[in-house]
């Protein structure tokens, strides 16, 4: 069911397929160079900590700019620019993987079927339209899920590889959009939005689980846990899915609670 995912995540994939690479130099030559040149990712190493620090600085700067300039032009330009950046990075990923790795790798890895990939499009839509439901989905997914992805990335290649930049720009962009919405635009999640997001999350589990079965992929990590150091994948399949579903609901409530307990003026 996740046969292709296992091939993608196998660190010996390149070594085991040297014959294929030599037979098809035009298709795989660039990929072999990229694979051999990529440094190993180190969690909480200098590059990882720098990416997190940059996320905090950019989020605070843009949120404060939107909030205190009180200029519709500034707000519009910041929101649209961020939307263009995160969509552009996402689309470039499609082109990069398709041209360097081929159609199978593109189908098995690059489709926007992970929650964070879907959140990229919702974040861009929210930044441009300011739609409440889009904000709430991105808010709960971003702070409950994308934050975890930033802290415990499923990355094997580190700085300055393409994958490192793509991962952190894309995931950080979703969180920056959330911070701009909350602190800059003063948008607030509702309890209704919490349940909409939670229901949508489970709907996606079944829909994308079916697509994984048909395609032999592992989107949303529904067939096997991700490669990485996340502390939340300590159970076997399928129990970790049920555990994450329960944990997600708890995190959603914790993220909604401050806006319920505090008066609007204090939350602002």
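One Cα centroid belongs to region 83-151, the other to region 161-212; the line between them spans 8 Å.
Compactness ratio for region 62-161: Cα radius of gyration over 2.2 N^0.38 Å (N = residue count) comes to 1.24. With Cα atoms as the point set, the radius of gyration and Dmax of region 121-239 evaluate to 15.6, 42 Å. Extension gain, residue 76-residue 92: 0.36 nm per intervening residue step, less the Cα-Cα distance, totals 3.4 nm. Between residue 151 and residue 67, the contour length at 0.36 nm per residue exceeds the Cα-Cα span by 27.5 nm. By the beta-carbon count within 10 Å of each Cβ, the least crowded to most crowded order of 161, 71, fewest first, is 71, 161.
Pop the C-beta distance of residue 130 and residue 49 into the FRET formula with R0 = 41 Å and round what comes out to the nearest 0.05.
0.80
For 186, 70, what's the fewest-to-most ordering of other Cβ within 10 Å of each Cβ?
Least crowded to most crowded, the residues run 70, 186.
Every number in this text was worked out from the coordinates using simple rules, so none of it is lab data. Note that the structure is predicted; figures quoted are calculated from it, not measured. Cβ: placed from backbone, ideal geometry, glycine included. Neighbour counts: every protein chain shown.
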